[in-house]
Amino acid sequence: MIHFVVLIVCAVAIYLSCEWFVNAVEWLGERLKVGKMAVGTILAAFGTALPESVVTLVAVTTGATDEARNLGVGAAMGGPLALATVAYGVTGAMLLLKRRKDRAAVLAGVGVGAGGPGADLPRPGGGAALGDAKDMERLAKDQKWFLAIFFLKVGLGLVAFAFKPALGLLFFAAYAVYFWREIRSSRADDGTDGADGEGGEGEEDEQLEPLKLQPTAASPATWAVVVQTLAALVVIFFAAHFFVKQLDVIGPMLGLSATVTALLLSPIATELPEIMNAVIWVRQGKTQLALANISGSMMIQATVPSGIGLLFTSWHFDGALLWSGIVTVAAIVHLLLAMRTNRLTPARLAVAGLFYAVFAVGLVLIIG
C-alpha cells in the first residue's frame with residue numbers, strides 16, 4: 001500500500017514542480033531573448049529531458065552486465081514512443097476537455113462575443129484545427145526531422161559493423177543543427193504568427209504570469225528566474241526517479257513481468273514531466289507551447305540518448321525494441337498526415353494515445 005501512496009505523492013510533486021518550471025522557463029526565455037516557440041522546443045524540452053539523458057549515460061557506462069547496459073537502449077527507444085503516443089494523446093484529450101468547458105461557459109452566458117449569443121462557441125468534438133497553416137508547417141517540420149533521425153536510429157539497431165559506435169557522434173551533431181535552427185527561426189518568427197483559435201497571436205502577445213518566487217515583482221530578478229528553474233528541475237528529477245522506482249515494485253505486484261514494466265510503464269514515468277508541462281500549458285491556453293515542448297523533447301530523445309547508447313553499447317534491437325520503433329513511426333505518420341492537410345484537431349491528436357495501447361498488446365504477444 002505504501003508504494004501506491006508514494007507513487008501518488010511523486011505524481012503530485014512532479015505536477016506542482018512543473019507548474020513552477022513552466023512559469024520560470026517562460027521568464028528564462030524572455031531573459032535569454034529567445035523566441036516563444038524555442039521556449040518549448042529548446043529550453044523546456046532540454047530541461048526536462050536532460051535528467052533522462054543522464055540516467056541513460058549512467059546505465060550504459062556503469063552497468064555491470066550487457067543486460068544492465070542495454071536498459072539504456074530500451075530507455076532511448078521508450079522515450080520517443082511515450083512522447084509520440086501518450087504525450088500527444090493526453091494533450092489532445094486535455095484540449096477536448098478544455099473546449100467542452102469553454103463551450104459550457106459560453107452556453108451559460110459567459111464570454112459571449114460581439115456576434116451575439118453563441119457566435120463564439122467553440123466547435124464541439126475538437127473539430128477546429130490546432131493552428132493555422134504556418135503553425136502546422138512548423139510542427140510538421142519537427143516531426144519530419146524526428147522521423148529521418150529515428151529511421152537511422154532503428155536501422156542501426158538491426159545491423160552490426162565495426163565503426164557503428166562512432167556514428168553516435170552524428171546524433172549529437174544532428175541535435176546541434178536542430179538547436180541552431182530552432183533558435184534562429186523562433187527569433188525570426190516571434191510575434192508574427194496569426195491567430196489560430198488555440199494559440200497564435202493572442203498566445204504570443206500574452207503577458208507572462210508573475211514569477212512564483214517573486215509574485216509581486218512586475219519584472220523578476222534574473223537570479224530568481226534561474227533559481228526557480230533549477231530548483232524545479234531538481235524536484236522533477238528526484239520525483240520522477242522515485243516514481244519509476246515505485247513502478248518497478250508495483251509492476252510485479254500487479255502480475256507484470258520486469259520486462260513489461262520496463263518497456264511499458266517506465267517510459268510513461270520518465271516522460272511524465274513533459275506530459276505535465278503540456279497539460280499545464282494547455283490549461284493556460286498556450287497550445288503551441290505545449291505542442292512545441294513535446295516535439296522538442298522528441299528531438300532530444302531521438303538524438304542525445306541514442307548517441308550515448310551507440311557509443312557505449314552494441315545497439316542491437318530485439319523484437320520488442322523493433323516493435324516500439326514501428327509503433328512510434330506509425331503514430332508520427334498519423335499526425336503528419338493530419339498536419340499536411342491542416343486538419344490536426346484535438347480529436348485526431350488524442351487518437352495518438354491509442355497507438356500506445358496497440359504497442360502494449362503487441363509487446364505482450366512478443367514477450368509472452
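With a 10 Å Cβ neighbour count serving as the proxy for reagent exposure, in which order, fewest first, do K141, K36 appear?
Ordered by Cβ neighbours within 10 Å, fewest first: K141, K36.
What order do you get for K33, K286, K153, K98 when you list them from fewest to most C-beta neighbours inside 10 Å?
K33, K98, K286, K153
For V249, V235, what's the fewest-to-most ordering of other Cβ within 10 Å of each Cβ?
Taking fewest neighbouring Cβ atoms as first place, the list is V249, V235.
For the range 301-349, what is the largest minus smallest coordinate of the Cα atoms on each principal axis, given in angstrom and ordered from greatest to least?
42, 23, 15
Sorting check: for 211-217, 160-166, which peptide has the highest mean count of neighbouring beta carbons within 10 Å, and how do the rest follow?
Per-residue Cβ counts within 10 Å, averaged per peptide and sorted highest first, yield 211-217, 160-166.
Mind scanning K101/K134; K36/K286; K101/K286; K36/K141; K141/K164; K36/K101 and naming the pairs with a C-alpha gap bigger than 19 Å?
K101/K134; K141/K164; K36/K101
Could you sort the peptides 310-317, 360-367 by per-residue average Cβ neighbour count (10 Å cutoff), highest mean leading?
The densest-packed peptide leads the list: 310-317, 360-367.
Taking loop as defined by DSSP and a crowding limit of 13 other beta carbons within 10 Å, which trypsin sites (Lys or Arg not before Pro) in the range 332-368 fit?
Those that pass, being in a loop and sparsely packed, are R343.
What Kirkwood hydrodynamic radius, in Å, does the range 217-359 give when the mean of 1/r is taken over all pairs of distinct Cα atoms and then inverted?
About 17.9 Å, per the Kirkwood formula over Cα pairs.
Listed highest first by mean packing, meaning other Cβ atoms within 10 Å per residue, what order do 293-299, 169-175 come in?
Descending mean neighbour count gives 293-299, 169-175.
Any read-out appearing in this document is the output of simple, stated calculations on the displayed coordinates, not a laboratory observation. The structure presented is a predicted model; accordingly, all values stated were derived computationally and were not measured. When we count neighbours, we look across all protein chains shown, and the Cβ atoms used for this are built from the backbone with ideal geometry, even at glycine.
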